[in-house]
Amino acid sequence: MLQLQNEAMMLVFLFLGASALVAPARRLPAGPRRCAKHATVMNGGAAALLGTVAPTLGIFTSTALYAASLPAVIKRTKQGSLGELNPLPTAFVVLSTMAWVQYSLSVKNPFVLISNLPGNVAAMLSTVLMLPLMKGNAQLGQVQWTLVAGTVANLLMWSYMIFAGLSPVARSQILGLYASAFCVILFGSPLSTIAKVIRQRNSASILAAFTFAQVANCSLWAAYGLWAAKDVYVYGPNIAGLALGLAQLALRIIFPASED
């Protein structure tokens, strides 16, 4: 699991760095002035549409994604057993949504804020309900240390930013990197059971609702971040999340889920 997290963090930082280098080089193709003007109007119209429709739909898909585990957790709570449910993605949802709330407040983006607040509450509720079910389970320690380490990292980050007297722009950059890292780790966390899935030829530990919501959600936010907001911290982790979501979807198709 630690190796998966390290690889995910390396992926997001490499992607962000490459995107930052490529983004300034984008130019409008050379041609007659009228064609260039027409292309600019078309691009502007598409960007305006994506700037409203994509994040609005993204609010619903984000909420569906972050709350995806709650119905399954409630069902398992009634049964008194965790079963095949993987609790680690939900723990990362808590940390990831909290990081995005902080970033959205720093850059004053209401779409990012509203798309993460409800999910944070749902994920915290799911995690609290799952903890008693994990007694005697090896995953209990993983979830506990994930939440503790994430909280410590968050406190240390804010302590540094405040006492270093960073500008709002520098602060937003750090918060964006921090949120992006947690976001990619979250999107890859369902694959923490990939060895078990392949060995048992059973993808029950990969929650279908989470996977479908992840693919839809990442598609919308990647489009919004790339063409409307032009924010690498929005489109970067979501493109990576889309790829990881498709990998999970492939596992669900190749190895059909079989519940206890």
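Scanning the range 193-200 turns up one or more residues that are more than 26 Å from L220 (Cβ to Cβ), open to solvent by less than 40 Å² (accessible area, probe 1.4 Å), within 21 Å of the chain's Cα centre (by Cα) and at pLDDT below 95. For the range 95-106, a residue qualifies if it is among the hydrophobic types (A, V, I, L, M, F, W, C) and more than 10 Å from N116 (Cα to Cα), and the qualifying residues are L95, L105. Looking at L207, L242, L246, L186, just one residue is out of contact with any strand residue (DSSP E or B) (no Cβ under 9 Å at 6 or more places or on another chain), open to solvent by less than 40 Å² (accessible area, probe 1.4 Å) and either modelled with pLDDT of 95 or more or not small (G, A, S) (or both), and that residue is L186.
What residue, among those in the range 162-183 that are closer than 19 Å to A229 by Cβ and among the polar types (S, T, N, Q), is least open to solvent (accessible area, probe 1.4 Å)? Per the criteria, the residue is S180. Looking only at residues in the range 213-232 that are more than 19 Å from G119 (Cα to Cα) and not charged (D, E, K, R), the one that is surrounded by the fewest Cβ atoms within 10 Å (Cβ to Cβ) is W227.
Per-residue answers, yes or no, for (1) buried (at least 17 other Cβ atoms within 10 Å of the Cβ); (2) in contact with a helix residue (DSSP H, G or I) (Cβ under 7 Å, 6 or more places away or on another chain); (3) polar (S, T, N, Q):
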| site | (1), (2), (3) |
| --- | --- |
| L105 | no, yes, no |
| N109 | yes, no, yes |
| V112 | yes, yes, no |
| V121 | no, no, no |
| M124 | yes, yes, no |
| V143 | yes, yes, no |
| V148 | no, no, no |
| Y160 | no, no, no |
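Of the set (1) in contact (Cβ under 8 Å) with a residue 24 or more places away in the chain; (2) farther than 26 Å from S106 by Cα; (3) among the basic types (K, R), all apply to K196 but (1).
Here is a yes/no grid of residues against (1) at pLDDT below 95; (2) small (G, A, S); (3) in a helix (DSSP H, G or I); (4) more than 23 Å from A229 (Cβ to Cβ):
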position: R76; (1), (2), (3), (4): yes, no, yes, yes
position: L85; (1), (2), (3), (4): yes, no, no, yes
position: V101; (1), (2), (3), (4): no, no, yes, no
position: S106; (1), (2), (3), (4): no, yes, yes, no
position: I114; (1), (2), (3), (4): no, no, yes, no
position: L117; (1), (2), (3), (4): no, no, yes, no
position: V121; (1), (2), (3), (4): no, no, yes, yes
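Scanning the range 205-236 for residues being within 19 Å of T63 (Cβ to Cβ), touching a residue at least 40 places away in the same chain (Cβ under 8 Å) and polar (S, T, N, Q) gives a total of 3.
The values are calculated or read from the model by the stated rules, or taken from the named source; none is laboratory data. Since the model is a prediction, treat every value here as computed from it, not as a measurement. Cβ sites come from the backbone with ideal geometry, for glycine too, and all protein chains shown count toward neighbours. Just the protein is used for accessible areas: all its heavy atoms, side chains included, with ligands, DNA and RNA removed. Shrake-Rupley method; radii C 1.70, N 1.55, O 1.52, S 1.80 Å.
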